[in-house]
Amino acid sequence: MIKSIVRSALFVPATRPERIPKALATGADRVIVDLEDAVQENLKEQARNNLDAFLKNTPDAQVLIRVNAPDHWAHAADLELCQRHAGVIGILLPKAESAAQVTSAAGTGKPIWPIIESAKGLAAINEIASTQAVERLSFGSLDLSLDLNLKTGSPAAENMLGHARYAVLLATRVAGLAPALDGVFPSIQDTAGLLGAVQFARDMGFGGALCIHPSQVAIIHQALKPSPEEVHWAQRIIEAARSGEGVFVLDGQMVDAPVIRRAQSILDRAN
């Protein structure tokens, strides 16, 4: 499975199909057309029909779809839609709580991005992550906070969410998945807050973040971009490594394979 770099994944509601081309033009690494939270219950079928028509009329478009949760009445029809269209390049599976749910969604032949956003999902995270067809995990902090009865924004809540993020990152690494995506930052106007939140997630080891507004895409990319100092350091490491020596000293510091891999990772992100 190709583990492409995904820094940003932008949601767009399926009730507004005219926004899908605009979302694709934002520069987001992935666009997720949402059939779940952004769609009212009485509009679920209409939203799916909108998406079906868009995919038929725009065969070159490539999107992910957030289907409705496995226990939702629209789930099966959502999966059937995904299976029919080559333009659907992945499925965001909300409320993922078991390997069986992932396997069912994988019957579409599409890569699966489970969203870990409940206590049951956290408890089953290792079996979810190791299920075939899972490409990467994503983290749903808002729903998880609600499920765990956390007081949003409190130090205690942030501490609990830190533990949950650790579980996502650990399961990602153990299963050999593509870097996980952090959850959405709900305050669209708070650009400084978004920048700080993504930098925090970056430093934890997340590869990027989900987002809900086009204006957030560039800020996420900026937050994930290595500094000029980091890039310069990495370039020097890689250049020195071309000598063929497995271990060497640069600026008085020992450089070995893990340091070289970190340098290469920085250059990959910079590019």
| remark: By residue number, the members of region 146-188 that are within 17 Å of ALA123 (Cβ to Cβ), out of contact with any helix residue (DSSP H, G or I) (no Cβ under 9 Å at 6 or more places or on another chain) and not in a helix (DSSP H, G or I) are ASN149
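I'd like to know if region 243-266 contains one or more residues that are more than 30 Å from ALA124 (Cβ to Cβ) and in contact (Cβ under 8 Å) with a residue 40 or more places away in the chain.
Yes, region 243-266 has at least one match.
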| message | Step by step: first the residues of region 82-100, then only those that are in a loop (DSSP other than H, G, I, E, B) and among the hydrophobic types (A, V, I, L, M, F, W, C), then the one that is farthest from GLY183 (Cα to Cα). Which residue is that? | response | ALA86
| request: Among residues belonging to region 17-34 that are closer than 23 Å to LEU79 by Cβ and among the hydrophobic types (A, V, I, L, M, F, W, C), point out the one that is surrounded by the fewest Cβ atoms within 10 Å (Cβ to Cβ). | output: LEU24
| request: State whether the residues of region 104-117 include one that is in a loop (DSSP other than H, G, I, E, B), farther than 22 Å from SER8 by Cα and not β-branched (Val, Ile, Thr). | output: yes
| at pLDDT below 95 and either in contact with a helix residue (DSSP H, G or I) (Cβ under 8 Å, 6 or more places away or on another chain) or in the same structural domain as ALA180 (by the TED database) (or both), is that true of ILE32? | no
| note | Residues of region 35-79 being surrounded by 23 or more Cβ atoms within 10 Å (Cβ to Cβ), assigned to a loop (DSSP other than H, G, I, E, B) and out of contact with any helix residue (DSSP H, G or I) (no Cβ under 7 Å at 6 or more places or on another chain), in sequence order, are GLU36
| For region 161-182, which residues satisfy the criterion of being in contact (Cβ under 8 Å) with a residue 60 or more places away in the chain and closer than 15 Å to LEU144 by Cβ? | LEU181
| query | Quick check: anything in region 133-143 part of a helix (DSSP H, G or I), surrounded by 15 or more Cβ atoms within 10 Å (Cβ to Cβ), basic (Lys, Arg) and on the phi < 0 side of the Ramachandran plot? | reply | no
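Pick from SER154, SER227, SER215: which is surrounded by fewer than 17 Cβ atoms within 10 Å (Cβ to Cβ), modelled with pLDDT of 95 or more and more than 29 Å from LEU64 (Cα to Cα)?
Step by step, each of SER154, SER227, SER215 is checked, and only SER154 is surrounded by fewer than 17 Cβ atoms within 10 Å (Cβ to Cβ), modelled with pLDDT of 95 or more and more than 29 Å from LEU64 (Cα to Cα).
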| message | Any residue that is under 15 Å from the mean Cα position of the chain (by Cα) and among the β-branched types (Val, Ile, Thr) - is there at least one of those in region 39-56? | response | no
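Name the residues in region 1-34 that are in a loop (DSSP other than H, G, I, E, B) and more than 24 Å from LYS225 (Cβ to Cβ), would you?
Residues satisfying the conditions are MET1, ALA14, THR15, ARG16, PRO17, GLU18.
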| query | Which condition number in (1) in contact with a helix residue (DSSP H, G or I) (Cβ under 8 Å, 6 or more places away or on another chain); (2) in a strand (DSSP E or B) is the one that ILE260 fails? | reply | (2)
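The values are calculated or read from the model by the stated rules, or taken from the named source; none is laboratory data. Being a predicted model, the structure only gives us computed values, none of them experimental. As a convention, Cβ positions derive from the backbone with ideal geometry for all residues, glycine included, and neighbour counts pool all protein chains shown.
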